[in-house]
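Report on the following structure.
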Amino acid sequence: MARAPSHVVERGAAGTWLALPGFGAPHRFGTKTFLSKANRTIDGVPVVTANQVHKDGILVVDATRRDWGTLQAEASAADADALAAADAGGWIGVTTADCAPVLFHDPDGHAVAAVHAGWRGALMGIATTTLDCLTTRFGSRPDRLEVAIGPHIGVCCFEVGRAVLDLLETRFPGWQRWIERCSGGRGFFNLRAFLRFQLEERGVEVDRIHTVDLCTRCEADLF
């Protein structure tokens, strides 16, 4: 039986992007030709992003104000690697290169979140901290959340050294399950599997975690 594609390619005024057919919230994972910095809008609505610093801070966006231009300006000055909002009615987002973009959607409470998860943020728990924000601030249930993990550097290319390996060994029993081809103090980190583990441990259902199975390093022409 043929495997269903992990994503579809779509095109519009903002450029070319990828989307996950099984993920319920409107979303776009950008490519090289998507959403230029000079025009950070989709369908005329500004995309609200924060100043990303590779940590675990979350910015809650007050979407009830509906003044998305002002929200965008305020958010861009805030240090945060995740944004969350309820019933947004607009766009929140993160920017990534080889780090993982992670999206959350609560189909019951209509809360959403966008997360920038590199190895630093992932080891600090940015994904689970965002999950906690959705449950405490918006009443979301982990087992009802949908999660989408977008394109990022794959285990095929993500070679790390002692800075990452030592943190994994110190904080996460069984850390070897996320490292391949490990020797001489270096190994290849499976960031996608690590993020999935964190989310599943906190109650997100396995079949509600969707992934774009592409490596940004391998697919250099696309990303």
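The values are calculated or read from the model by the stated rules, or taken from the named source; none is laboratory data. The model shown is predicted, which means the values in this text are computed figures rather than measured ones. Every residue, glycine as well, gets a Cβ built from its backbone with ideal geometry; the counts of neighbours run over all protein chains shown. Ligands, DNA and RNA are stripped out before the accessible areas are found, and what is left, the full protein with its side chains, is counted by its heavy atoms. Shrake-Rupley method; radii C 1.70, N 1.55, O 1.52, S 1.80 Å.
What do you get for the angle between helix 162-171 and the principal long axis of the chain? Use alpha-carbon atoms, 0 to 90 degrees, nearest ten. That helix lies at roughly 90 degrees to the long axis. With protein chains left intact and a 1.4 Å probe, residues in segment 75-158 average 32 Å² of accessible area per residue. Taking the C-alpha atoms only, the angle from helix 191-201 to the longest principal axis of the chain is near 80 degrees.
Dipole magnitude for segment 1-51: about 160 debye, using +1 per Lys or Arg Cβ and -1 per Asp or Glu Cβ, origin at the Cα centre.
In this calculation the C-beta distance from R144 to Q176 is compared with R0 = 45 Å, giving a FRET efficiency of 0.90.
Go through segment 2-103 and name the chymotrypsin sites (Phe, Trp or Tyr not before Pro) that are in a DSSP coil and have 14 or fewer other Cβ atoms within 10 Å of their Cβ.
Loop-located and lightly packed - none at all.
Take every pair of alpha-carbon atoms less than 8 Å apart whose residues are at least six positions apart; their mean separation over the length of the chain yields a relative contact order of 18 percent. Solvent-accessible area of the chain (1.4 angstrom probe, protein heavy atoms only): carbon and sulfur portion equals 49 percent. Placing a label point 7 Å from the Cα of R186 along the Cα-to-Cβ line, the residues of segment 147-175 whose backbone N sits under 17 Å from it are 154-166. Of the residues F223, G125, I42, the one whose Cα sits farthest toward the positive end of the charge dipole of the chain, with +1 on the Cβ of Lys and Arg and -1 on the Cβ of Asp and Glu, is F223. Checking [x] 123; [y] 270; [z] 132 against volume of the Cα convex hull per residue in Å³ calculated from these atoms, the matching label is [z].
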